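Single-structure report; data block below.
Bear in mind these aren't lab numbers, they're just calculated from the coordinates by the rules spelled out. This is a predicted model, so every value here is computed, not measured. Note that each Cβ is placed from the backbone with ideal geometry, even for glycine, and that neighbours are counted across all protein chains shown.
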Amino acid sequence: MVVRQHPRFHASFSGTLTHRNQRHAISRSLDLSRKGCRVQSSFPAFAGMKVDLQLIFPGSRNPILIQGAVVRWAGAHGIGIEFLSLASPDERQLEGTLRLLAAKTTHNSPQVPVGGRT
């Protein structure tokens, strides 16, 4: 079982992956956390490669820019990317986006009484 340091949220965003000055579209976003994301792209990613990301969220004025992210895995389930560091404005914007996703997830989750009975 994988124990995660940060919660992951389903997130809808568009954007690009850049590797060696070649930009590739993110065709589908799958999830997002404080330290990474999972996306689908036609980009031929492999574990260990460094990429720059531009993530564009609906309703946001500015994209989140992430430089020097690392592909941790790639395969049939998408591309798993770890964010190593973010500039302060992008980090604040990501944190705000994650707070909104957390609130939306909590708000939309069915309330299950203690004991698991509905």
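Below are the figures for this structure:
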{"item": "Rounded to 10°, Cα long-axis angle of helix 88-108 versus longest principal axis of the chain", "result": "30"}
{"item": "Fluctuation leader among Gly96, Gly78, Gly59 - the chain, Gaussian network, Cα springs under 10 angstrom", "result": "Gly59"}
{"item": "Kirkwood Rh and Cα Rg combined as Rg over Rh, evaluated for the chain", "result": "1.02"}
{"item": "Backbone HN-Hα couplings from phi across region 63-74 [Karplus 6.51/-1.76/1.60, Hz, Gly and Pro as x]", "result": "x, 8, 9, 10, 9, x, 6, 10, 6, 8, 7, 8"}
{"item": "Net charge, Ser41 excluded, C-beta distance under 12 Å - Lys, Arg +1, Asp, Glu -1", "result": "+3"}
{"item": "Sites matching trypsin sites (Lys or Arg not before Pro) across region 3-39 that sit in DSSP coil, with at most 12 neighbouring C-beta atoms within 10 Å", "result": "Arg4, Arg20"}
{"item": "Projected label distance in nm at Arg92 and Asn21, using a 7 Å step from Cα toward the beta-carbon", "result": "3.3"}
{"item": "Residue-averaged 222 nm ellipticity for the chain, from DSSP H runs of 4+ at -39500 (n - 2.57), nearest 500", "result": "-6000 deg cm²/dmol"}
